[in-house]
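Report on the following structure.
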Amino acid sequence: MDCIFCAIIAGTIPSAKLYEDEKMLVFRDNAPQAVFHALAVPKAHIASAADIASAEGGAEIVGHIFTVISQKYAEWGLQGGFRVITNSGSNAAQSVGHLHFHILGGQPLPANLA
Ligand code: DGP
């Protein structure tokens, strides 16, 4: 398996899981850029945000991921606010080719995005 996040989903690479259901997984980023930094990923392999429209069930899984975030953020200590980011493609420095949403918070975040 040459996708790191598919291996994490399959359990062959360990991760610190925060939430899991049949469609998605949330686990802590191993190079955190904020006090709270997790990644929300679909279990189905979708390469990036640029591939959501062409992936079967793409829109549904993205809606599901954001719904779960809105249900769980307080449990994760993010009542003060949080940021959700996805990097798509080389200009955005996407380094893992499996759609993932960074969830950042637990502290004030800079207002600028780039
Ligand atoms: P991006 O640059 O948007 O593709 O972010 C990829 C993120 O994935 C980056 O913040 C580090 C994280 N990451 C990469 N490999 C692993 C891993 O094996 N385990 C965990 N928990 N996170 C990883």
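The values are calculated or read from the model by the stated rules, or taken from the named source; none is laboratory data. Quick caveat: nothing in here was measured; it's all calculated off a predicted structure. Every residue, glycine among them, receives a Cβ derived from its backbone with ideal geometry; neighbour counts consider all protein chains shown. SASA here: full protein model, heavy atoms, side chains in, ligands and nucleic acids out. Shrake-Rupley method; radii C 1.70, N 1.55, O 1.52, S 1.80 Å.
Just to confirm the number: angle between the C-alpha axis of helix 58-72 and the first principal axis of the chain, 0 to 90 degrees, nearest 10?
Taking the Cα atoms of the chain, the angle to 58-72 is about 30 degrees.
Magnitude of the Cβ-charge dipole of the chain, K/R +1 and D/E -1, about the Cα centre, nearest 20 debye? Walk me through the numbers before you get to the answer.
Numbers: 6 positive and 9 negative charges, 63 e Å.
Taking the Cα centre of the chain as origin, the dipole is about 300 debye.
Between Ala59 and Asn87, how high is the FRET efficiency from 1/(1 + (r/R0)^6) when r is the Cβ-Cβ distance and R₀ = 25 Å? Nearest 0.05. Please report the intermediate quantities before stating the final value.
Numbers: r = 19 Å, r/R0 = 0.78.
After rounding to 0.05, the efficiency reads 0.80.
If you take the charge dipole of the chain about its Cα centre, with +1 on Lys and Arg Cβ and -1 on Asp and Glu Cβ, which of Gly106, Phe5, Phe27 is farthest toward its positive end?
It is Gly106, whose Cα lies furthest towards the positive end.
With every protein chain left in place, what is the accessible area per residue of region 46-91 in square angstrom, probe 1.4 Å? Intermediate values should be presented prior to the final figure.
On the way: 2700 Å² over 46 residues.
Here the residues of region 46-91 average 59 Å² of exposed surface.
Determine the calculated [θ] at 222 nm for the chain from helices alone, applying -39500 (n - 2.57) to every DSSP H run no shorter than 4 residues and normalising by the residue count; nearest 500 deg cm²/dmol.
Details: 2 runs with 22 residues, N = 114.
It lands at -6000 deg cm²/dmol.
Give me the percent of the accessible area of region 1-46 that comes from carbon and sulfur atoms, probe 1.4 Å, all protein chains in place. Intermediate values should be presented prior to the final figure.
Details: 1350 of 2500 Å².
So the carbon and sulfur contribution to the accessible surface is 54 percent.
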